[in-house]
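Working notes for the structure below.
The values are calculated or read from the model by the stated rules, or taken from the named source; none is laboratory data. Not measured: the values here are computed from a predicted model. No Cβ is skipped: glycine too gets one built from the backbone with ideal geometry, and neighbour counts run over all protein chains shown.
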Ligand code: GDD
């Protein structure tokens, strides 16, 4: 199999290209900017692909000739989408449309996995039940709108063009290599800075009452690989644990592992407009199609991530 990964330099993209390379799959590691770490493995090549420059998409597809495309490149943070809604829509929605147009001409037989988000469900999160793929989507922020629109257009294109399209809706995920701006990385990076005496022993946090459904990044990567390998029916697939956790409970688990006592201060500037307080999903459809279940407990994943930050701070 020849797999082209967009956003290969990103958090999930880097992990996915490594995991595919370990399986001896030929990987096209596509990124808008040159990768900071050279791609792993003899079977991996780096490709330039900038969603905002459509000619680079076509060139990457022509050069690599993929059987599968995993489209991860995106503006991926909710908070930034409030600051730059235009960039978010341009990158996530219009960029996905450009990719679909190019696929039609350059790789019409490829199986395509587009990364959406649990944020697409938006206000449905407050139903308080594990959301299935049939739950209504009521996106509540520009990021959520951008991913919902991209997913819907991708599914419509796919029906019209007979593309084998799988649109995943990953719920929150975390792990080594995730940048600051996401809750686990924000918390751990502060803990490590405090352990090193680089900041006062008080963490700055946002809304701790929100509940989210967290999966370790390696499990998310495994879900994507299963989906492109097994090619279940086209459509939408949630990727999640089915377990809601308050952000406060994550913080408690992390603070227990700190080597120094740490206080907590609520920072009102981290409060988000129109925040959906609860997201929990059902991955029953994914499990039935591929046998996937998350292998890493959140507690173990947090420990791994903390150790990684201690080594890479
Ligand atoms: N980032 C951050 N930093 N979030 C905090 C903090 C903090 O210091 N304190 C509390 N939170 C709360 C946020 O308000 C939110 O309720 C929750 O922690 C998770 O925030 P994020 O990690 O920023 O994730 P997200 O839920 O907004 O979006 C992430 O998950 C989506 C899938 O559900 C991103 O990874 C998206 O790309 C992804 O699609």
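Only one of the listed residues (190, 178) is in a helix (DSSP H, G or I), within 14 Å of the ligand (Cβ to nearest atom) and under 20 Å from residue 270 (Cα atoms). That residue is 190. Just so you know, in segment 160-174 the residues that are at pLDDT below 95 and under 14 Å from residue 233 (Cβ atoms) include one that is nearest to the ligand (Cβ to nearest atom), and it is 163.
Taken together, 19, 29 contain a single residue that is surrounded by fewer than 19 Cβ atoms within 10 Å (Cβ to Cβ) and touching a helix residue (DSSP H, G or I) at 6+ places or on another chain (Cβ under 9 Å), which is 19.
The residues listed here are 102, 144, 154, 149; of these, the one that is assigned to a helix (DSSP H, G or I) and either over 21 Å from the mean Cα position of the chain (by Cα) or modelled with pLDDT under 95 (or both) is 102. Screening residue 49 against (1) modelled with pLDDT of 95 or more; (2) touching a strand residue (DSSP E or B) at 6+ places or on another chain (Cβ under 7 Å); (3) farther than 24 Å from residue 231 by Cβ leaves a single unmet condition, (3).
For segment 194-207, a tally of residues being in contact with a helix residue (DSSP H, G or I) (Cβ under 8 Å, 6 or more places away or on another chain) and part of a loop (DSSP other than H, G, I, E, B) returns 5.
Across segment 130-141, what is the number of residues that are within 15 Å of the ligand (Cβ to nearest atom), touching a residue at least 40 places away in the same chain (Cβ under 8 Å) and assigned to a loop (DSSP other than H, G, I, E, B)?
4
Of the residues 72, 16, 61, the single one that is farther than 18 Å from residue 144 by Cβ, at pLDDT 95 or above and within 16 Å of the ligand (Cβ to nearest atom) is 16. In segment 67-82, is there at least one residue being in a loop (DSSP other than H, G, I, E, B) and more than 16 Å from the chain's Cα centre (by Cα)? Yes: segment 67-82 contains one or more residues that are in a loop (DSSP other than H, G, I, E, B) and more than 16 Å from the chain's Cα centre (by Cα).
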